[in-house]
Structures are given as structure tokens and as C-alpha cells.
Amino acid sequence: MIDLRPTSEDEAAAIVRAHAETGRPLAICGGNTRSGFGNAVAAEDRLRSTGLSGVVAYNPGEMVMTARSGTPLAEVEAALSESGQMLAFEPMDHRPVMGTSGEPTIGGVFAANVSGPRRLVAGAARDSLLGVRFINGKGEIIKAGGRVMKNVTGLDLVKLIAGSHGTLGFLTEVTFRVPPSAKTERTVVLSGLNDAEAAGAMAAAMALPVEVSGAAHLPLTVTWKFLAGKLPEGEATVLRIEGLAGSVEVRLEKLAAAMSAFATVTRLEQPESRRLWQEIRDVLPYADGTLRPVWRVSVAPGTGHRLVAALRLEAGVDAFYDWQGGLVWMRMEAGPEAELVRRFIKVLGGGHATLIRASDAARAATAAFHPEPEAVAMLSRRVKEKFDPAGIFNPGKMG
């Protein structure tokens, strides 16, 4: 595959126009850390954003940053850390679980709508995105949104680009919110709850006025893999509190007191808490160097454990839960079992399952993204035709 790395927006636009004129497809990517994610792309040329790098504008007082799409995520996070700010949506690093290398880019984060444990209170990556610049399939440079949070001009277009995985346009610049980072964090650990009991405990915790910013359940099959096996014995239901030190201590005590009605309670100090949530974010238990299929399943918070219980009657499944049980990470012991997974999701009220990792053969036989209802699929096709009439951007990636 030929790598094309433009160093300016105009150069990128010229490349797209040339490919549109001949109908020659382009694989769109940034750092390529999600290589293999989605369906196979039929393209011999790869257009990469890594030549478009650097922070364009950043005033911490405005809590907004603009960066070129190929800027390494680590560079963005380092600049924010110096000013006591953060990406609220806590993007995961796909490299460990997918076995890839390279450097994640800020454009790639938004193109894939990558969101971590804080998603349940801070929203997804797209909810922090204020503006974009991108090149459509005709080679035209498009600007949508802006730096002012209350400016809604082009906002729907901004949201549409987020999560489109490079199928609608080639991102060149992103503008996004950067709120203050938490000064302190602590985690409450409930030990010994089964999946159903944990779902009830997490629901009760989220209903308390203590601002829980992370809620996950780690069954026995995975508990020992977190914090190098130093979590308390038994299943672990973990609840995070963040903020100013004084506030965190008060809220932590209220949370611990309320949760003691459900299970034995212990507490993690800040260093262990931060490490634990990073390991949850990056799906550490399944970063095992294998190609055993891994699913990312989004369902209603009270449904996740029921889905896993149903699947275990017919297939080998290991799983743990984030987002109060609404995000289920599942590793299959044999094949992906896509039909089975998606059939049970439908029976239990709906949701979607995305295949994150599998062998090449399994990927070729499995739709990576959850099938859309026909009416939605028709709308998606019409949108794709408007943005990319020649169909050159990541053909086949999203189905």
C-alpha cells in the first residue's frame, strides 16, 4: 500500500481531487493504531493525516483547543496537563487490545468517536467537538462549527463527522472543549457481588448526589488482571469520585457509607485509582496477544449482565462491564458468534455490538459494525453519496 502524507490542507485536497477524478479509492487513517478496525477497505493508496500536525490555537482561559488532525494525542494531552485541563471523554488507547503500534492522533480520536470510562457523565468524544475542517470526496475544503461553545452554526455537521471513521471526509483540523482536570480522585471497591447484584449497586451509586465519574464491574475472571492482582479478593465493583481534595473526601465517605449496604467496601488512593481506570479504559484483560474475538457492546445499563448470562448458555464468553454496565467488553473463546450476539441484543431491548478484534478470516465473514435498520441505512447511503459521490473514502469500512 502506498502511503500519502500531505503536509498542507491544499496538498491533501489536490490528492483527493486526483483520486476522485479517476475513481481510485483511498484508505483514510491517522496514526494507524486502529489498523484492522471495521470491515476491510478495498484501496491501494492510504491517505494519512500525520503530516498535518501541531496545535493551532489554545488559550486555557477559553477552555478550547484547535489542533491539526495528525497531531499526536500524547502531544495534546501533555499541553493540556501543563494547564490543568483534560479531554473529558477519556479516550482509550486501542494499541494494547488490538496489538497495533504507532501513535494515536487527535483526528483519529474524533473520527472514531473514541470514549472511555468518563463517557457516562462527560459524554462521548463527539460531545466535546466544536468545529472541524475536512476535505470532502470532491476535494473541497469544508469548515463547520467554530471555537465558541454557544455557536451552533454547522454543529450537526460536526457531530456527523465524529464517528464516521473516515468514510465521509478527510479531517484536517479539529476544535474541542478542554475542561479543568480533576485535582484528586479516589475509588470505592465493593467486593463479592455477582453481575446482577453489581448492576443494582452501580444504579444506586449513580442515583446518589456524590457525582460518581466512573462505574465498572470486574468479575472474578478478570479481577486478578487489574492492578497486578492487588485488588481485594473476589469480584470488584468499582466507583470513582473526582474533584477538589476536600470535596472528594466528603463525597467518598457518603458513597462508602451507602455502598456498605451492598458489600464489603475498601478504598483506593489516587495512584492506584488512576492506574485502575486507565487499565479499564484500555481493556487490559483482553490485551493478551491473541486474536480471540473481542466485542464492544453498548446496551442499556441494566441489560449488560443479562446479555452475558444468555450468551454463556450457548458460547464461551468472558466479559467485564463499564459505564454502569452499559458498555460490555466481551472476549469470545472461539468464533465471533455475531448472529448470536446481535440476536440476543435485539431480544433484550436493543443496542449495538462492534467487533474490535478477530482473525482475518473471522473479519472477512463478520460485519464489524452493527447492521442498521433499512430506513437508517438508506439515509446513511444518501449522506455518503453527498459527501463522497465517487465513493473513494474507505470503501466498505462501515458496510
Looking at the square roots a ≥ b ≥ c of the eigenvalues of the Cα gyration tensor of the chain, which shape do they give, rounded for a/c under 1.5, prolate if a/b is larger than b/c, or oblate?
oblate
If ligands, DNA and RNA are left out, what is the accessible area of Lys143 with a 1.4 Å probe, given in Å² to the nearest 10?
140 Å²
If the viscosity is 1.306 mPa s and the temperature 10 °C, what translational diffusion coefficient in µm²/s does Stokes-Einstein give for the stretch 184-282 when Rh comes from Kirkwood over Cα pairs?
121 µm²/s
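Here is the link list: Lys143/Lys397; Lys143/Lys384; Lys230/Lys346; Lys346/Lys397. Which ones come out longer than 27 Å on Cα distance? Before the final figure, lay out each step's value.
On the way: Lys143/Lys397 24 Å; Lys143/Lys384 18 Å; Lys230/Lys346 37 Å; Lys346/Lys397 23 Å.
Pairs exceeding the cut-off: Lys230/Lys346.
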As a test question: what accessible area, to the nearest 10 Å², does Leu252 have when a 1.4 Å probe is rolled over all protein chains in place?
0 Å²
Where q = 0.11, 0.12, 0.13 Å⁻¹, what log10 of I(q)/I(0) comes from the Debye formula for the stretch 2-177, counting one point per Cα?
-0.43, -0.51, -0.60
Convert each backbone phi in the stretch 361-367 into a coupling constant with the Karplus relation 6.51 cos²θ - 1.76 cosθ + 1.60 (shift: θ = phi - 60°), then list the ³J(HN,Hα) values in order as whole Hz, x for Gly and Pro.
5, 5, 5, 5, 9, 10, 6
From phi via Karplus (6.51, -1.76, 1.60), per-residue ³J(HN,Hα) for the stretch 160-176 in Hz, x at Gly/Pro
5, 5, 5, x, 8, 6, x, 8, 10, x, 9, 5, 10, 7, 9, 10, 8
Heavy atoms only, probe 1.4 Å: what % of the accessible area of the stretch 2-177 goes to carbon and sulfur, would you let me know?
50 percent
Length gained, Ala57-Phe369, 0.36 nm per residue minus C-alpha separation, equals 108.8 nm
Between the stretch 48-62 and the stretch 225-300, what's the alpha-carbon centroid distance in Å?
32 Å
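Within the chain, what is the longest stretch that has no GluC sites (Glu not before Pro) placed in a DSSP loop and near at most 15 other beta-carbon atoms within 10 Å? All intermediate terms of the calculation are to be shown ahead of the outcome.
On the way: sites that count: Glu44, Glu140, Glu211, Glu233, Glu269, Glu314, Glu333.
Within the chain, the longest run free of exposed GluC sites (Glu not before Pro) spans 45-139.
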How many percent of all Cα-Cα pairs in the stretch 281-399 sit more than 21 Å apart?
43 percent
Hey, with R₀ at 41 Å, roughly what FRET efficiency would Ser247 and Ala18 work out to, going by the Cβ-Cβ distance, to 0.05?
0.15
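Considering only DSSP beta bridges where both residues belong to the chain, give the percentage that are antiparallel (nearest 5).
Numbers: 59 of 67 bridges.
If I count the DSSP bridges inside the chain, around 90 percent turn out antiparallel.
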If you roll a 1.4 Å probe over the stretch 285-365 with all protein chains in place, what percent of the accessible area is carbon or sulfur?
55 percent
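The values are calculated or read from the model by the stated rules, or taken from the named source; none is laboratory data. Quick caveat, the model's predicted, so the values are computed rather than measured. Cβ coordinates were reconstructed from backbone atoms using ideal geometry, including for glycine residues, and neighbour counts include every protein chain displayed. Surface accessibility is based on the protein's heavy atoms, side chains included, excluding ligands, DNA and RNA. Shrake-Rupley method; radii C 1.70, N 1.55, O 1.52, S 1.80 Å.
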